[in-house]
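Taking it in order: structure first as structure tokens, then the write-up.
Throughout, read-outs are computed from the coordinates displayed, never taken from laboratory work. These numbers come from a predicted model, not from an experiment. Here the Cβ positions follow ideal geometry from the backbone for every residue, glycine too, while neighbour counts run over all protein chains shown.
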Amino acid sequence: MSEQIGNPVDNALAEYAKLEDQLADPSVHADQGRARELGRRYAELGPLVAAIREQQEAAGDLQAARELGMDDEAAETEKRIEGLDARIRDLLIPKDPADAKDVILEVKAGEGGDESALFAGDLVRMYTRYAERMGWKTEVVSATEGELGGYKDIQVAVKSKDPTNPVFGRLKYEGGVHRVQRVPVTESQGRIHTSAAGVLVLPEAEEVDVTVDQNDLRIDVYRSSGPGGQSVNTTDSAVRITHIPTGVTVSMQNEKSQLQNREAGMRVLRARLLALALDEQAAKDSAARGAQIRTVDRSEKVRTYNYPDNRVADHRSGYKANNLSQVLDGDLDAVIQSLVDADNAAMLSGEDA
């Protein structure tokens with residue numbers, strides 16, 4: 001194994017042993033938040049430690065084979081060690097500290113009017129189906145429906161109960177502008193139109209991640225609009241929360257009570273503030289790779305869904321496949337893995353993706 005990965009390997013083994021000791025201490029579990037974070041890190045290091053131990057065992061096997069003059073077995077073991085070295089290098093790639101977090105996924109219709117709202121609805125269905133495949137739980141936090149269906153905008157919480165199957169580490173690559181090419185249901189001449197919807201993926205913040213001073217908030221209440229229960233349009237239950245220092249604003253009107261809308265709004269606000277803080281830190285570290293596109297402009301696209309050709313194409317990784325219907329039904333693993341691989345390759349080469 002090269003000298004380059006020797007020190008990180010030693011550090012990983014030492015950290016893993018320390019985590020084992022900490023998780024075996026009953027007093028640690030008195031603080032469930034801390035125990036959860038330690039458990040997540042322990043699970044994250046598990047595959048790396050297993051690969052290191054397997055490599056160390058293979059190195060012993062190689063030495064024994066050479067001493068016994070077993071040339072064929074030595075050659076096979078050398079190949080095995082090369083593969084393990086490559087796996088260890090991949091596992092040593094620095095992880096995004098937010099990878100283990102749950103997510104608030106925002107989808108917003110852009111250019112294209114009713115067709116864009118319908119496409120936003122298709123994207124939400126795609127992510128919901130993908131979450132089902134991954135064993136994640138989804139919950140609609142807020143939604144504004146389009147006139148013909150779909151969504152003008154929607155926020156969906158996506159959660160995982162399994163620390164080895166985190167949400168943000170996979171869905172973070174979905175942030176950006178998604179473009180669709182198809183014949184809209186409103187098109188009478190059969191012409192293909194292009195429209196877009198924006199996706200924003202926010203790591204969901206726990207209260208310990210983001211401290212919000214109540215004095216920094218301006219909270220406005222107003223009358224809800226649109227479809228809803230009996231309370232809609234009769235009480236000032238809708239809430240708009242503005243974080244004055246950053247200018248971040250969140251509006252909520254889906255719940256029936258002002259208190260429920262405020263709680264939902266604070267949940268989204270904390271997620272947006274955490275994303276802002278992570279972006280700022282990444283910029284300071286010169287590691288802001290693959291920033292999510294916040295504008296819904298068709299020219300700034302990350303992926304195109306072409307219905308006539310049944311094709312999906314990701315413009316960052318170069319991934320293309322003629323299985324659009326399967327992708328829209330939640331079969332996203334291949335396209336997301338292409339982005340993971342491209343990101344890892346960029347980090348290994350020391351470049352920005």
Label-point separation (nm) for residue 111 and residue 82, each offset 7 Å from Cα along Cα-to-Cβ?
5.0 nm
Listed residue (173, 265, 136) projecting farthest to the positive dipole end of the chain, Cβ model
265
Any chance you could list P(r) for the chain, counting all Cα-Cα pairs in 10 angstrom bins from zero, rounded to whole %?
5, 19, 27, 23, 14, 7, 3, 1, 0
Karplus-derived 3J(HN,Hα), 6.51/-1.76/1.60, for each residue of segment 171-182, Hz, glycine and proline x:
7, 4, 6, 7, x, x, 9, 9, 10, 10, 10, 6
Bridge type composition, the chain - antiparallel percent by DSSP, nearest 5
90 percent
For the chain, with the dipole built from +1 on Lys and Arg beta-carbon atoms and -1 on Asp and Glu ones, taken about the Cα centre, which of 7, 190, 35 lies farthest toward the positive end?
190
Per the 1/(1 + (r/R0)^6) rule, R0 = 30 Å and r from the Cβ atoms of residue 21 and residue 347, FRET efficiency to 0.05 is 0.50
0 to 90° range, to nearest 10: angle between helix 333-349 axis and the chain longest Cα axis
60 degrees
Calculate the dipole size of the chain relative to its Cα centre from +1 charges on Lys and Arg beta carbons and -1 charges on Asp and Glu beta carbons; express the result in debye to the nearest 20.
1580 debye
So who's got an amide H within less than 5 Å of the one on residue 152, skipping anything under 5 residues away but keeping other chains? H placed 1.01 Å off N, in plane.
144, 145, 146
Gain upon complete extension [residue 28, residue 213; 0.36 nm per residue less C-alpha separation]
63.7 nm
Summed side-chain charge close to residue 86 - residues other than residue 86 whose Cβ falls under 14 Å, Lys, Arg +1, Asp, Glu -1:
-2
With r defined as the distance between the Cβ atoms of residue 137 and residue 95 and R0 fixed at 30 Å, what FRET efficiency is calculated, to the nearest 0.05?
0.85
Calculate the FRET efficiency for residue 63 and residue 7 from the Cβ-Cβ distance with a Förster distance of 22 Å, rounded to the nearest 0.05.
0.45
Relative contact order of the chain, please, whole-number percent, based on alpha carbon pairs below 8 angstrom and at least 6 residues apart.
15 percent
Helix 6-23 sits at what angle to the longest principal axis of the chain, using alpha carbons and giving 0 to 90 degrees rounded to 10?
70 degrees
Can you tally the net charge around residue 95? Count Lys and Arg as +1, Asp and Glu as -1, for every other residue whose Cβ sits under 10 Å from the Cβ of residue 95.
-2
Could you give the length gained by full extension between residue 35 and residue 249, i.e. 0.36 nm per residue of separation minus their alpha carbon distance, to one decimal place?
73.7 nm
Among 45, 91, 119 - extreme Cα towards positive end, dipole of segment 1-146, charges at beta-carbon
119
Please give me, ordered by residue number, the trypsin sites (Lys or Arg not before Pro) of segment 92-171 that lie in loop per DSSP and have at most 15 other Cβ atoms within 10 Å.
95, 161
With Cβ to Cβ distances under 13 Å as the rule, what net charge do the other residues near residue 329 carry (K, R +1; D, E -1)?
-1
